[in-house]
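Comments concern the structure below.
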Amino acid sequence: MEHELEVLRGQLHGLVAAISAIASVLPESAAGIATEVVNDMIDATGNSGLPAATRDAMHATMRQISGALQVSLQR
């Protein structure tokens, strides 16, 4: 089980890194829209009925993605 969790953690970090690389070349308007969509998704899934630990982990990952999108907005 521990190995599977580490694999999943690595996949999530890889996903965020890939999004950060993509965000670095996005036009500012596209990154801004994507950030808004991610934030809307966080709001929409707040009462999704998911177990709290699952929801919190999902939102943490989505916030990491939103942060990665900020790379383009801060250029």
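The values are calculated or read from the model by the stated rules, or taken from the named source; none is laboratory data. Keep in mind the model is a prediction, meaning the values are calculated, not measured. Ideal geometry is used to build each Cβ from the backbone, glycine not excepted, and the neighbour counts take in all protein chains shown.
Figures for the structure shown
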item: Checking Arg9 against (1) part of a helix (DSSP H, G or I); (2) touching a Lys or Arg at 6+ places or on another chain (Cβ under 9 Å), the condition it does not meet; result: (2)
item: Pairs, first free of Cβ contacts under 8 Å to residues at least 24 places away in the same chain in the stretch 56-69, second surrounded by fewer than 16 Cβ atoms within 10 Å (Cβ to Cβ) and polar (S, T, N, Q), C-beta under 7 Å, six or more apart; result: Met58/Thr45
item: Scan of the stretch 42-68 for residues that are hydrophobic (A, V, I, L, M, F, W, C) and either assigned to a helix (DSSP H, G or I) or loosely packed, with under 13 Cβ neighbours inside 10 Å (or both), ordered by number; result: Ile42, Ala44, Ala52, Ala53, Ala57, Met58, Ala60, Met62, Ile65, Ala68
item: Selection status of Gly49, at pLDDT below 90, of a type outside the set (Ser, Thr, Tyr) and over 15 Å from the mean Cα position of the chain (by Cα); result: yes
item: Residue list for the stretch 15-41, filter: under 15 Å from the mean Cα position of the chain (by Cα), over 12 Å from Ala68 (Cβ atoms) and either in a loop (DSSP other than H, G, I, E, B) or without any contact (Cβ under 8 Å) to a residue 24 or more places away in the chain (or both); result: Ile33, Glu36, Val37, Asp40, Met41
item: Neighbours by Cβ (under 7 Å, 6+ apart or cross-chain): first from the stretch 1-13, under 13 Å from Ala57 (Cα atoms); second surrounded by 10 or more Cβ atoms within 10 Å (Cβ to Cβ) and among the polar types (S, T, N, Q); result: Leu12/Thr61
